[in-house]
Ligand SMILES: [Zn+2]
């Protein structure tokens, strides 16, 4: 079953992890998310536990959320993390507040949304890392949907290592550059709220008579 781990950085040094709804409770402290995760797997391997998945999860703004798979009633083996899983943990450490969702083959990390200049979506599989920029996509003049756009896809070749911090920083810079500054109200706004390159939607209605 899927469990949610809340990871919190304390004293700007350590990571503490907690699985809401798990009985007996399971806590871990370590100097990297990887250490904390391995410790949690070890604890679970030695315990018969129950998980109440409807238990609410409370998150602070800077907390990371990470989904993992655990099986009650089984001695959970401490397995080696796969390369893309290690990258995912590295990315979470770099992005406080990011949330990682999990399916068996895919990890999707989200930080913020289209309104955030630092917003980013990272999709990791064993073959590739996809860096995406959060957007607001208009399906009609009144219907919009929060989406993301491909910025860069990197094939994971085990013989190569990647400068993940550099890639994340470049993607965030690209996201920031999609924002426009309105010549009427001087506000910096996401592209999804701009009518044209230098006029935001509300000013376009006010000053240019454009009706949305
Ligand atoms: Zn404006």
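The values are calculated or read from the model by the stated rules, or taken from the named source; none is laboratory data. Please read all numbers here as calculations on a predicted model, not as lab measurements. Cβ: placed from backbone, ideal geometry, glycine included. Neighbour counts: every protein chain shown.
Just a few scattered comments:
- Qualifying residue in segment 124-144 (condition: within 21 Å of residue 85 (Cα to Cα), more than 20 Å from the chain's Cα centre (by Cα), away from the ligand (no atom under 16 Å from the Cβ) and in contact (Cβ under 8 Å) with a residue 40 or more places away in the chain): no
- When each of 195, 202, 148 is tested for being outside the structural domain of residue 106 (by TED's automatic domain parsing) and assigned to a strand (DSSP E or B), the lone residue that passes is 195.
- Selection within segment 168-192 - surrounded by fewer than 19 Cβ atoms within 10 Å (Cβ to Cβ), more than 9 Å from the ligand (Cβ to nearest atom) and part of a loop (DSSP other than H, G, I, E, B): 178, 179
- Exactly one residue out of 81, 29, 37 is touching a helix residue (DSSP H, G or I) at 6+ places or on another chain (Cβ under 8 Å) and assigned to a loop (DSSP other than H, G, I, E, B): that is 81.
- Qualifying residue in segment 132-144 (condition: at pLDDT 95 or above, in contact with a strand residue (DSSP E or B) (Cβ under 9 Å, 6 or more places away or on another chain) and either surrounded by fewer than 14 Cβ atoms within 10 Å (Cβ to Cβ) or not assigned by TED's automatic domain parsing to the domain that holds residue 92 (or both)): no
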